[in-house]
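Please read the structure below before turning to the comments.
The values are calculated or read from the model by the stated rules, or taken from the named source; none is laboratory data. A quick note: this is a predicted structure, and the numbers were derived from the prediction, not measured. Glycine gets a Cβ as well: all are built from the backbone with ideal geometry, and neighbour counts include every protein chain shown. Surface accessibility is based on the protein's heavy atoms, side chains included, excluding ligands, DNA and RNA. Shrake-Rupley method; radii C 1.70, N 1.55, O 1.52, S 1.80 Å.
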Protein chains: 2
Amino acid sequence: MLSKKTKYALHALTYLGKHKDEKTVLIQDIAEEHGISHKFLENILLELKKAGMLGSKKGKGGGYYLIKEPKDIPLSKVIRLLDGPIALLPCVSLNYYEPCAECKTEALCGINKVMIQVRDETLKILENKTLEDILKIG
Amino acid sequence: MLSKKTKYALHALTYLGKHKDEKTVLIQDIAEEHGISHKFLENILLELKKAGMLGSKKGKGGGYYLIKEPKDIPLSKVIRLLDGPIALLPCVSLNYYEPCAECKTEALCGINKVMIQVRDETLKILENKTLEDILKIG
DNA sequence: ATAAACCCTATAAAATAAATAGGGTTTATA
DNA sequence: TATAAACCCTATTTATTTTATAGGGTTTAT
């Protein structure tokens, strides 16, 4: 399951996407809209900013704003940033690979093979669906 | 990511599958083979048994054994039993549905729609791949 | 000047996952 | 029929991760 961090990040990005005609959006406004703790959300927005997914303006009248087109923000990127691996096993993760402790021969592991399939099908969706797709509906 | 419980369960079932010509298999043998704590594994095997996925024989000379053909044990069933929901969000879980707290209108939520797709593609694999498929390789 | 806003790091609280403990019950076999 | 080997059951503890909070620091429009 996705963590709250990731869910909050997706909601925040959606909110920013909806208000992209405004110059900046306040943390507070996003937090209130979705019932998220201001401070918790602040940490998440900072992470998104460090990852180059959004920009901010300090000082009075400042706030956050998207610096990319929604179509250029794949959901996989958001999830990986906040949650880590998308794969169901460390041994099939593309971005966070680790061998499985209890597994002797990865090359001959049937569980491994199935989870590679799951990973690939999941990524087919999450790498191609973007913030734009979410904005279309919600 | 799958929990250790689920991974251990899959390994234990695989081990039982490989030794299905023997009448019973000891917890201890499975635990040693995969470096799992005997007691932890015992709890997992009990859960599998309660769920009707394997049988056991008490007393001296006893142990565990499969009571179904490997082809009749879909991986989805094992994962759901030990880990709970397969879906990435509670609001798209078929077996463990719950509304999302921060979501106002599920029907109009773009995140929800994408995660339904991910769920369906994942289930297409996990409900059709069985212990037999794992045994074929490992 | 000053108030409003983001920036940063550290810590605490809560929830979950993983492991351990300790005995109870059953049964093959000597 | 005594006994040892094996599963059965529940509760508790420990470790890890997630979620949230705290407390200030820095920047900037007005």
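Data table
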| quantity | calculated |
| --- | --- |
| Global size of the stretch A:12-138 as Cα Rg and Dmax, reported in angstrom | 18.0, 60 |
| Extreme residue, positive dipole direction of the protein assembly as shown, given options A:I111, B:T24, A:H38 (C-beta unit charges) | A:H38 |
| Amide proton proximity set for B:A51, modelled H, under 5 Å, gap of 5+ | none |
| Set of the stretch B:1-19 residues, backbone N closer than 19 Å to the point 7 Å along the Cα-Cβ line of B:K50 | B:3-10, B:12-13 |
| Potential extension, B:L94-B:K57 segment - 0.36 nm per residue separation minus Cα distance | 9.9 nm |
| Total accessible area lost when A and B pair, probe 1.4 Å, Å² to nearest 100 | 3400 Å² |
| Expected-Rg normalisation [2.2 N^0.38 Å, Cα atoms] applied to the protein assembly as shown | 1.19 |
| Accessible solvent surface per residue of chain A, calculated while the other protein chains remain in place, 1.4 angstrom probe, Å² | 51 Å² |
| C-alpha long axis of helix A:110-126 to longest principal axis of chain A, angle in ° | 20 degrees |
| Accessible surface of A:S76 - all protein chains present, 1.4 Å probe, nearest 10 Å² | 10 Å² |
| Rounded to 10°, Cα long-axis angle of helix B:4-18 versus longest principal axis of chain B | 50 degrees |
| Peptide B:119-125, shielding by other chains (average Cβ, 10 Å cutoff) | 4 |
| Other-copy label distances relative to A:I67, 7 angstrom Cα-Cβ extension, nm | 6.0 |
| Nearest-20 debye value, the protein assembly as shown charge dipole, Cβ charges on Lys, Arg, Asp, Glu | 280 debye |
| Leading residue at positive end of dipole, chain A (Cβ point charges), from A:G55, A:A101, A:I137 | A:G55 |
| Charge dipole magnitude, Cβ of K and R +1, D and E -1 - chain B, Cα centre, debye nearest 20 | 340 debye |
| In Å², nearest 10: area of B:T105 left accessible to a 1.4 Å probe | 70 Å² |
| Chain B - percent relative contact order, Cα under 8 Å, separation 6 or more | 26 percent |
| Gap separating the Cα centres of the stretch B:74-122 and the stretch A:55-116, nearest whole Å | 18 Å |
| The stretch A:4-66: C-alpha gyration tensor shape, a/c 1.5 cut-off, then a/b vs b/c | rounded |
| Chain B, rotation onto A, residue closest to that axis via Cβ, with its distance in Å | B:E121, 2 |
| Within 10 Å of each Cβ in B:127-137, the average number of Cβ atoms from other chains | 3 |
| Lysines whose Cα lies under 21 Å from that of A:K129, excluding same-chain neighbours fewer than 8 positions away | A:K4, A:K5, A:K7, A:K18, A:K20, A:K49, A:K68, A:K71, A:K77, B:K113, B:K124 |
| Carbon + sulfur, % of accessible area of chain B - ligands and nucleic acids excluded, 1.4 Å | 52 percent |
| Shielding score for A:82-93, defined as the mean number of other chain Cβ atoms within 10 Å | 2 |
| 17 Å cut-off, amide nitrogen to a point 7 angstrom out along A:N128 Cα→Cβ, residues in the stretch A:68-97 | A:71-77 |
